[in-house]
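This report refers to the structure that appears directly beneath it.
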Amino acid sequence: DAGITQSPRHKVTETGTPVTLRCHQTENHRYMYWYRQDPGHGLRLIHYSYGVKDTDKGEVSDGYSVSRSKTEDFLLTLESATSSQTSVYFCAIRSTGETQYFGPGTRLLVL
Amino acid sequence: SQQGEEDPQALSIQEGENATMNCSYKTSINNLQWYRQNSGRGLVHLILIRSNEREKHSGRLRVTLDTSKKSSSLLITASRAADTASYFCATADDTGTASKLTFGTGTRLQVTL
C-alpha cells in the first residue's frame, strides 16, 4: 500500500458543514492526488500536488480545496459540504516511476 | 469527461476461461495503465504500456496498445475466482510531465467456480 493512510475512513456529515479529509504518506513522494469515485464515472481527479505548497486543479475541483504544508500530508477540504459530494474519496501517490499507489479510501455521506 | 471508456461494462466468466477487456481513449498519450480494484478497496496497479509499445506481458496478463485506433485491451488468461474485481484503464497524456492520469469507467469482472 506504499505507506498511504487516509482518515477518517468513514464520515457522515450534514449539508453545509466543513469537512477535511487527510492523506498521509510515509515515503516522501513528491506527487499526491485526490480522486472521487462515483458509480458510472470511474475515478475523477479533484486536485493534485507536485510538492509542498504546490497544488493544481483536476477535472472536478469545484467545491474543494487542498493544502500541502509538508511532504507527508495532503488535505482535502469541502468548505461547505453538499449532497452531490457524497462519494468515495481516494488519495494516491506517484512513485518514482509513473504508476500511482492508492490509499484505502474514505466513504463520505452528506445528508 | 472520461478519457478512457471500457468495454464491456460487466463480464461474467467461469474459472479457467480467458477474460478480455477493452479500453478506448480520445487524445494522444504517453502511456496507458491498467488497475484492478477489489470491492471496497483502493486501486492496485497491474501493468503499464508506453505509447511506443504494442504488447506487454506480466504473468497471466497481456496488454495490447493500438495508438492508431486509440485503444487497448487487457487479457487475463486462465482466470481464477480471485480475479473477480473491477478493472480500469488510465491514460497519461503526452503534454509534458505525464503526472496526471485519466481513468475510464471500468469493467466489472465476475469469475465463477
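The values are calculated or read from the model by the stated rules, or taken from the named source; none is laboratory data. Computed from a prediction, not measured in an experiment: that's the story for all the values here. Neighbour counts run over all protein chains shown; Cβ positions are idealised from the backbone, glycine included.
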TODO: May I ask you to verify whether B:Val44 is touching a residue at least 24 places away in the same chain (Cβ under 8 Å) and part of a strand (DSSP E or B)?
DONE: no
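Tally time: how many residues in the range B:25-47 are within 22 Å of B:Asp94 (Cβ to Cβ) and either crowded, with 17+ Cβ neighbours inside 10 Å or within 12 Å of another protein chain (Cβ to nearest Cβ) (or both)?
The first filter runs over the range B:25-47 and keeps only residues within 22 Å of B:Asp94 (Cβ to Cβ), leaving B:25-35, B:45-47.
Next cut, either crowded, with 17+ Cβ neighbours inside 10 Å or within 12 Å of another protein chain (Cβ to nearest Cβ) (or both) only: B:25, B:29-35, B:45-47.
The number of residues fulfilling the criteria is 11.
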Task: Scan of the range A:55-111 for residues that are away from chain B (no Cβ under 14 Å) and part of a loop (DSSP other than H, G, I, E, B), ordered by number - done: A:Asp62, A:Gly63, A:Thr71, A:Glu72, A:Glu79, A:Ser80, A:Ala81, A:Thr82, A:Thr86, A:Leu111
TODO: Having 1 or more residues that are at pLDDT 95 or above and within 15 Å of the chain's Cα centre (by Cα) is the bar; report the strands (runs of 3 or more DSSP E) wholly within the range B:61-113 that clear it.
DONE: B:61-66, B:71-76, B:85-93, B:107-112
- [ ] Would you check which residues across the range A:1-27 are under 19 Å from A:Ser87 (Cα atoms) and more than 16 Å from the chain's Cα centre (by Cα) and list them?
- [x] A:Val12, A:Thr13, A:Glu14, A:Thr15, A:Gly16, A:Thr17
